[in-house]
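Single-structure report; data block below.
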Ligand SMILES: Nc1ncnc2c1ncn2[C@@H]1O[C@H](COP(=O)(O)OP(=O)(O)O)[C@@H](O)[C@H]1O
Ligand SMILES: [Mg+2]
């Protein structure tokens, strides 16, 4: 029996309830999603593109869903303080899949910019949501189909033509539950021509003892000459699974930065499906995974160059320790007409223990001669010469190890285009390597106190 | 201060040091000379505790303690400094963070409180001036993108920061022009005290014009084949190593 069945049954038995808790375009897509899912089989672990993620195992447990839209008693802003607080942002909260009221944050945004609950948007701005919802993420991806069948809310971000949002947007997402819970959430992000914005998503879990699943789909429409940075920072418990599918379409001369930072996690699968569909689009894709204990991180990236003169540059780095597993699969596709393409990809990994495993699979599919492409993969240990040099100057081996791991991530951190965030991230990474990760708890970690006293 | 007795060491199963004897007292400056491949760098690495080398025989004591039992960082805390022939580049680790970690690790070992940020920066500034090291270099990654001369000056800067009791300087003079050589040598001289000692490993007489050693050793094929006063350096300058090697080989045969 396939792990999807329980979700299809859940949907068929609760269609009205689910629809009632949502609206418009989200409800309209459900039947098609259900149909797609009914004939879908989950890719097996080991199959193409899923070598290291067992979707069935992740989806099989009987997770609860909050389809009745019960209000969670907690006030996220009260119960939680994020570790990136020195950053001045327009701050929004998502608890499970429920968007928190955010009048104060919204007041800081320019006229015409929308940041709100996706279900609310489907009601209030149906023409906008109808136009963009479900247009990039295909139901042929079972994770997207599952998301589309069950999703009731999420976040809608809309930046109209020519508007620049100076203040970075920050979305703090919190998963919690007394029982195993699954949050199905959707982010729909639309940047019209020449629009500019930056979004920092901080994903946290509360309660380290409950299995939680975050099933999210993100769609980003980047209009001509728009500029957008998306930083996703995952700091979740070891019992958390995250299945994230991001779909991006870039129009002419759009300039995007996607940065996926996995600082703490359980089992994570991040998919990035990026299409550079018009000339001159520029994409920088950065990723960092710090995996120890028995955590696993699997990043799948597909960058499609469909138009001439586009540029993409991808850098993914992992530090894999203890019995952790890291996987990276990076595909670059250059269409026949996409001349003058520049596409670069690098995946560098530091594997520090015999029990730790790293799998790296670069794939280039190039159907045009007039391109500059390169890819490189390296899996290495720490450099003995560097370690001895540091020890000679008096650094103990653990301190030398920590410095080298921090240094290893320096270039990914440098890629952050928002200086306060860059500084903050450097500090979080330094602390991540310096501290014993088994002490980590999102709510009450020692790091939190450290940051506060430093602030 | 340092006593080395019949020290043998191997790397990759190959015996490089074949019975080294050496005695260094506080206040002394020794020079170790010898042709390429003699084992000079190997000796310095073994004394500093590089785990790539295996000590197969002999002993080394430093200030009465068994040096060979100490990890490299403890040797450093005890006051042993090695100026590397090939200083290592560590991209992503800034000199400032590196030196702060080094100073504070040593203080921890000595049971002292960490140095305050202002105190530390003051110390950096003060020591940097000894070797004319650019403030920009100090904020960059360790040795990354440094010229050959800058790397060597950076070694002396770190030595100044750590104030070792025994400094072993492995070819700190090679690859330096005359000005850089003078800066490095003056740096070393400024740091000399009656309590500390220096071993300079060199090919050339020219460094010894600045740093005046009392004792000169010639190392050849893993052994010290001759030890004499400063006049030995002049002799080597004029006549090379060949006759010393021949002398030693003849002595061994007879
Ligand atoms: N990693 C190594 N593996 C094997 N042999 C080595 C290694 N490093 C140095 N050697 C050998 O050890 C000998 C001494 O080298 P070294 O100590 O660097 O000499 P010196 O510093 O006097 O020029 C040389 O013959 C060199 O080839
Ligand atoms: Mg040498």
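What follows is calculated from the coordinates using simple rules that are stated; it is not laboratory data. Quick caveat: nothing in here was measured; it's all calculated off a predicted structure. As a convention, Cβ positions derive from the backbone with ideal geometry for all residues, glycine included, and neighbour counts pool all protein chains shown.
Computed values, structure above
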quantity	calculated
Helix-only CD estimate at 222 nm, as mean residue ellipticity for chain B, using -39500 (n - 2.57) per DSSP H run (n ≥ 4)	-12000 deg cm²/dmol
Rg/Rh ratio calculated on Cα atoms of region A:118-237 (Kirkwood radius)	0.99
Cβ neighbours within 10 Å from other chains - mean over B:65-74	3
Projected area averaged over orientations for region A:343-385, convex hull of C-alpha atoms, nm²	4.0
Residue of B:106, B:65, B:221 that the Gaussian network model of chain B assigns the largest fluctuation, springs spanning Cα pairs under 10 Å	B:65
C-alpha long axis of helix B:178-190 to longest principal axis of chain B, angle in °	80
Inverse mean reciprocal Cα-Cα distance (Kirkwood Rh) of chain A, Å	22.4
Percent of alpha-carbon pairs separated by more than 15 Å within region A:121-169	59
For region A:282-319 versus region A:93-160, the gap between their alpha-carbon centres in whole angstrom	25
Per-residue Cβ neighbour rank within 10 angstrom, fewest leading, A:300, B:86	B:86, A:300
Semi-axes of the equivalent ellipsoid for region B:37-155, Cα gyration tensor, largest first, Å	27, 20, 11
222 nm mean residue ellipticity, helices alone, for chain A (DSSP H n ≥ 4; -39,500 (n - 2.57); rounded to 500)	-7000 deg cm²/dmol
Distance (nanometres) between label positions extended 7 Å along Cα→Cβ at residue A:208 and residue B:57	5.4
Reduced Cα scattering model of region A:154-224, Debye log10 I(q)/I(0), q = 0.12, 0.23 Å⁻¹	-0.41, -0.98
Region A:1-63 - Debye-derived log10 I(q)/I(0), Cα point model, q = 0.27, 0.30 Å⁻¹	-1.13, -1.23
Centre separation in Å (Cα based) which lies between region B:178-208 and region B:90-167	18
Neighbour-count ranking [beta-carbon atoms within 10 angstrom, fewest first] of A:292, B:177	B:177, A:292
Shielding score for B:97-108, defined as the mean number of other chain Cβ atoms within 10 Å	4
Cα long-axis angle, helix B:148-162 against chain B (0 to 90 degrees, to the nearest 10)	70
Gain in span if fully extended, residue A:38 to residue A:161, counting 0.36 nm per residue against the direct Cα distance	40.3 nm
FRET efficiency, residue A:384 to residue A:5 (Cβ-Cβ, R0 60 Å, nearest 0.05)	0.70
Among A:333-346, A:167-180, B:49-62, the order from most to least packed when residues are scored by Cβ within 10 Å on average	A:167-180, A:333-346, B:49-62
Helix B:242-253 vs. chain B, principal-axis angle (Cα, 0 to 90°, nearest 10)	60
Whole-number Å³ per residue for the convex hull built on Cα positions in region A:224-336	72
Inter-chain Cβ neighbour average for residues B:76-87, partner chain, 10 Å	2
For region B:95-254, the spread of Cα positions along each principal axis, largest first, Å	63, 36, 27
Scattering profile of region B:90-174 at q = 0.26 Å⁻¹ [log10 I(q)/I(0), Debye over alpha-carbon scatterers]	-1.45
Efficiency of FRET between residue A:340 and residue A:111 - r from beta-carbon atoms, R0 51 angstrom, step 0.05	0.85
